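No value in this document is a laboratory result; all are computed from the given coordinates. The shown structure was predicted, so the numbers you read here are calculated from the model rather than taken from an experiment. So basically every Cβ, Gly included, is an ideal-geometry build from the backbone, and we count neighbours across all protein chains shown.
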Amino acid sequence: MKIALAALLLAAPAFAAPIELESDAAHTTSSFAVKHMMVNTVRGEFRTTSVTLNWDKDDPAKSAVVAKIDATTIDTRNEKRDGHLKSPDFFDAAKCPEITFKSTRVEKAGDDKYKLTGDLTMHCQTHPATFDATFTSNPVKAPWGAMVYAGSATTTIKRSEWGLNWNKPLDQAGGMLVSDEVKFEIDAEFGQKQPAAPAKKEAKK
């Protein structure tokens, strides 16, 4: 009986425990693209982005993603435009300094491809959004020994749904100065989150 039980345990598939991953700030970016005057694409990025991922390789549907973007770090390579984007006309970064996405559902959509549905908070408003994502389920070993995962996620939203309504009409061509549709993209490299160092005990007086 014991031999049969041991054989059964050895034959059973091994399941990996979920792991907590966090993004590497030096290799993580978030960017956006929007049409200007209906003909040109203006691109910008946020210099500070962090992503945490609770990754369950055996059952990706049990995974969860949280992304945090510092709206005050917006950079379009034009100081005047950046100031306008930080103002109440757009992100209102002084009042609403953080853009966040918290997943509520993760669905597999192919090999290393997923759909992330969740709550996107921007301009102090929260609405549902869905990202198309890719994620390397098998990590790459870096030259310094660390195991590195990589992922990216993209979505296209209507900024007016989050209250970013500022615009101006184009008199001659018709249409508006800035497109309502905005494409967002997040690219991140992940490493396994390190456990917090134990707090040092105060020496007895």
- Highest GNM mean-square fluctuation among D56, D24, D112, for the chain with Cα springs under 10 Å, belongs to D112
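Among W55, W144, rank each residue by its count of other Cβ atoms within 10 Å, from fewest to most, as a rough exposure measure.
Values: W55 22, W144 6.
Listing W55, W144 from fewest to most nearby Cβ atoms yields W144, W55.
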- Task: Could you work out how far apart the two model spin labels at S137 and V42 are, taking each label as a point 7 Å from the Cα in the direction of the beta carbon, and quote it in nm?
- Result: 4.1 nm
- Task: Specify the residue with the greatest mean-square fluctuation among L177, L85, L53, computed from a Gaussian network of the chain linking alpha-carbon atoms under 10 Å apart.
- Result: L177
- For the K168, S31 Cβ pair and Förster radius 22 Å, calculated FRET efficiency rounded to 0.05 is 0.35
- Efficiency of FRET from Cβ geometry, K102 and D58, R₀ 30 Å, rounded to 0.05: 0.85
- If one takes the longest principal axis of the Cα atoms in the chain, at what angle in degrees, from 0 to 90 and to the nearest 10, does the Cα axis of helix 2-11 lie? 30 degrees
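Where does the charge balance sit around H127 when Lys and Arg score +1, Asp and Glu -1, over other residues with C-beta under 9 Å from its C-beta? Write down the numbers at each step before the final one.
Details: positive: none; negative: D119, E161.
Result for the local shell: -2.
Quickly estimate the mean residue ellipticity at 222 nm for the chain, helices only: each DSSP H run with n ≥ 4 gives -39500 (n - 2.57), and the total goes over all residues, rounded to 500. Don't skip to the end; give the middle numbers.
Values: 2 runs with 18 residues, N = 205.
Calculated at 222 nm, the ellipticity per residue is -2500 deg cm²/dmol.
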- Message: If each residue of separation counts as 0.36 nm, what is the full-extension length gain between Q192 and T117 once their alpha-carbon separation is subtracted?
- Response: 24.7 nm
- Query: Which value in nm describes the separation of the simple spin-label points at R81 and L177, placed 7 Å from the Cα toward the beta carbon?
  - Reply: 1.3 nm
- Message: If I compute mean projected area of the Cα convex hull in nm² from the structure I just sent, which labelled value in [x] 11.8; [y] 15.9; [z] 20.0 lines up?
- Response: [z]
